[in-house]
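Note sheet for the following structure.
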Amino acid sequence: MVRIGWIRIGLAGLLFSATLAAATCTARTQQAVQSAAINQVAHDLTHAERDRRIQGLNAYVRVPLEARTEELKSALIQSLELELDMGRAIATSKIPPLPRDNNHDFRFGLVSEILTLKDPDTIPVLVRTINMAGSVAASLADFGRLALPTLVACIDGQQPALEKTIDIVLITLRIMVQRNGLNYFNPQERVTLRSIAHRFLDLKPGEFPTDTEIVTWQESDEFWRAIRLGGAMQLAWVLNEPVLREKVTAIATDPEALRERGLNAKQVRYLKGRFERIRTDQPMLPTYSSMIRSSDQQ
């Protein structure tokens, strides 16, 4: 009986070992299959053909959160960089425009997925898309000082920047200051913020390398020049320094000073209305609607 018992225990052990080995083998097989699938998604996201990149994004969103690797994150960022490079090539007539089809929102899908990462590694590519959506600027403001160097580099004058981009960077910096307070920034960062405010308050037409490859319509340039000056006034005001506030007041109340900065009569009236909101600490109106409302009243 004892021997029979040991034999039974031995058989049970063998069966357990065999089952465990089979389960381990199955798990390894599943892991290998999953790894291969993830590698394929990363490959598709960075493929030279746009249709394959779209296919890659469609597959990416089905990957469980816990299975999304650093490689996938890097591929997602690279996919958006490729999309932005292609967009610029189209805007500058280096390649023909894409037909408008069901995939025209691919770029926004990439941005949306990247925003959910909330990862500082995404700051550079998000800065490149800062004028695409308010959620991008809000996300960059959430990163605080981590995003500051890249935002500053975007408008430092070493490379062309759209007036629209400059304005949204200024607004993002203003939001950072309002959310965190001045003491959040170190002395050098406060110097940088003051320098930016002074520079864009004083900017005259032609003194900054704006991206005329993309924005070639003078009316559009003037439109965004007025918006951008309003953004500089907001940033300067929240820095809460007497010299800057005096400068904002002097510029905003002097029509000639505004014309020297490239604004026409309609835009002068717009900036005066914007200054009143700044001076009285009223919430800022959305950029587009406030400008359109001002224009409609002329």
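Quick look at the numbers
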| read-out | value |
| --- | --- |
| Residue ranges of helices (runs of 4 or more DSSP H) in region 151-266 with at least 2 members among the aromatic types (F, W, Y) | 218-238 |
| Check on R88, open to solvent by 50 Å² or more (accessible area, probe 1.4 Å) and touching a Leu at 6+ places or on another chain (Cβ under 8 Å) | no |
| Region 128-146, residues that are in contact (Cβ under 8 Å) with a residue 40 or more places away in the chain and in contact with a Leu (Cβ under 9 Å, 6 or more places away or on another chain) | R128, T129, I130 |
| Test: residue in region 91-111 that is outside any helix (DSSP H, G or I), under 11 Å from the mean Cα position of the chain (by Cα) and either without any contact (Cβ under 8 Å) to a residue 24 or more places away in the chain or surrounded by 15 or more Cβ atoms within 10 Å (Cβ to Cβ) (or both) | no |
| Residue identified as under 15 Å from D44 (Cα atoms) and without any contact (Cβ under 8 Å) to a residue 40 or more places away in the chain among L82, L65 | L82 |
| Filtered residues of region 47-76 (kept if among the hydrophobic types (A, V, I, L, M, F, W, C) and closer than 14 Å to L110 by Cα) | I54, L57, A59, V61, L72, A75, L76 |
| The one condition in (1) in contact with a Lys or Arg (Cβ under 9 Å, 6 or more places away or on another chain); (2) open to solvent by 50 Å² or more (accessible area, probe 1.4 Å); (3) closer than 22 Å to E163 by Cα that K266 fails to fulfil | (1) |
| Test set (1) in a helix (DSSP H, G or I); (2) among the hydrophobic types (A, V, I, L, M, F, W, C); (3) over 21 Å from the mean Cα position of the chain (by Cα) - L72 fails condition number | (3) |
| Complete set of residues in region 52-62 that are part of a helix (DSSP H, G or I) and free of Cβ contacts under 8 Å to residues at least 24 places away in the same chain | R52, Q55, G56, N58, A59 |
| Selection count where residues are over 15 Å from G262 (Cβ atoms) and either open to solvent by less than 50 Å² (accessible area, probe 1.4 Å) or touching a Gly at 6+ places or on another chain (Cβ under 6 Å) (or both), scope region 188-208 | 5 |
| Hits in region 124-160 - residues which are open to solvent by 60 Å² or more (accessible area, probe 1.4 Å), among the charged types (D, E, K, R) and more than 10 Å from the chain's Cα centre (by Cα) | D142, R145 |
| Pairs with Cβ under 6 Å, 6+ apart, first in region 155-168 and more than 15 Å from A137 (Cα to Cα), second part of a helix (DSSP H, G or I) | E163/W224; E163/R225; E163/R228 |
| Residue within region 98-108 that is modelled with pLDDT of 90 or more, over 13 Å from R50 (Cα atoms) and of a type outside the set (G, A, S) present | yes |
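The values are calculated or read from the model by the stated rules, or taken from the named source; none is laboratory data. Owing to the predicted nature of the structure, the values given are computational and were not obtained by experimental measurement. Glycine also receives a Cβ, built like all others from the backbone with ideal geometry; neighbour counts cover every protein chain displayed. Protein only, heavy atoms only, side chains kept; ligands, DNA and RNA dropped before computing areas. Shrake-Rupley method; radii C 1.70, N 1.55, O 1.52, S 1.80 Å.
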